[in-house]
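A short reminder: the numbers here are calculations on the coordinates, not readings from a lab. Just so we're clear, the structure is a prediction, and the values are computed from it rather than from any experiment. Counting neighbours? That spans all protein chains shown, and the Cβs are built from the backbone with ideal geometry, glycine included.
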Amino acid sequence: MLGRLDGAQVGSSGRGAKPQVQPTNPNAVNEFYNGLLKCLNRGWPAAIAAAGYEFHQPAMAVVFATFNTPCGKSAPYVSFYCSSDETIYLRGDEILISNRDYGPIGASWWASHVGTHEYGHYVQQLTGMMTAYQNLYAAAPDQAAKDQLERRLELQASCLGHVFLTANRRTYPITAQMRSDWGWQIIKIPNHGSEANQRYWINRAVQLKRPGACNTWAAPAAQVS
Ligand SMILES: [Zn+2]
């Protein structure tokens, strides 16, 4: 299901500079995410086009309070991508909590992870994988099968995010220390896969640096548990 994106390369150094601002207050979080979005919008189109799909920019909203979206109410500390309106909803409060607990470097790293993950869902949308997923999900025989499909989708989004970050590492530096801090950066909700598998897919992204690293759809069940 990775299809034609398999062999594509993502971005190149110099196209995606890390936002200079540290996301330590609501305005700064907004500025950080807008800078990251610009960077993603420059880094992904070539890969999308090379794979034969049309690129257009997604909408993004940075929100600090609960409000309604076509995909349901936004909950505190939970960012998500909504395919109905092709909008990335980023909760600013989760970044401020990260800043409180881990400081500005931890908060920028977390915002980088979340922002590129949600954009990963948008890449899935642009390349037809999101629609294919939704069809498979609707046709799945039971909840266990649906849950596994959801984990494949989520693990792939994280992998695609880190392919982007790694491909742009000269201008978007992620230090070894930041990477070694994954213990607390991993998304700790079951539909995103076990912590070991999140690390497995992110490591593949870092090592292989191309979307082809992220074919969670063909992976055995144990790698998407
Ligand atoms: Zn996700």
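Springs join every pair of Cα atoms under 10 Å in this Gaussian network model of the chain, and among Asn203, Asn215, Asn135 the largest mean-square fluctuation is at Asn135.
Taking other Cβ atoms within 10 Å as a rough exposure proxy, Trp110, Trp217, Trp44 sort from fewest to most as Trp217, Trp110, Trp44. Lacking any other cysteine beta-carbon closer than 4.7 Å, the following Cys residues of the chain have no compatible partner: Cys39. Mean-square fluctuations from a GNM of the chain, with a 10 angstrom spring cutoff on Cα atoms, peak among Thr175, Thr87, Thr131 at Thr175. Each of Asp85, Asp147 has some number of other Cβ atoms within 10 Å of its Cβ, and from fewest to most they run Asp85, Asp147.
Stokes-Einstein diffusion for the chain, with the hydrodynamic radius set to the Kirkwood value over Cα pairs and evaluated at 25 °C in a medium of 0.890 mPa s, equals 141 µm²/s. The fewest-to-most ranking of Thr69, Thr127 by surrounding Cβ atoms within 10 Å reads Thr69, Thr127. Rounded to the nearest 500, what is the chain's calculated 222 nm mean residue ellipticity when only DSSP H runs of at least 4 contribute -39500 (n - 2.57) each, over all residues? My calculation for the chain gives -17000 deg cm²/dmol from helical runs alone. Once whole DSSP H runs in the chain are found, which of them have Cα atoms spread over 18 Å or more along the helix axis and a mean Kyte-Doolittle score of at least -1.0? Membrane-span-like by this criterion, though nothing is claimed about a membrane: 26-43, 92-126, 143-167, 195-208. Qualifying GluC sites (Glu not before Pro) in the range 48-132, where qualification requires a DSSP coil assignment and no more than 12 other C-beta atoms within 10 Å, comprise Glu54.
Considering only Ile97, Ile174, Ile202, the Gaussian network model of the chain with Cα springs below 10 Å gives its largest mean-square fluctuation to Ile97.
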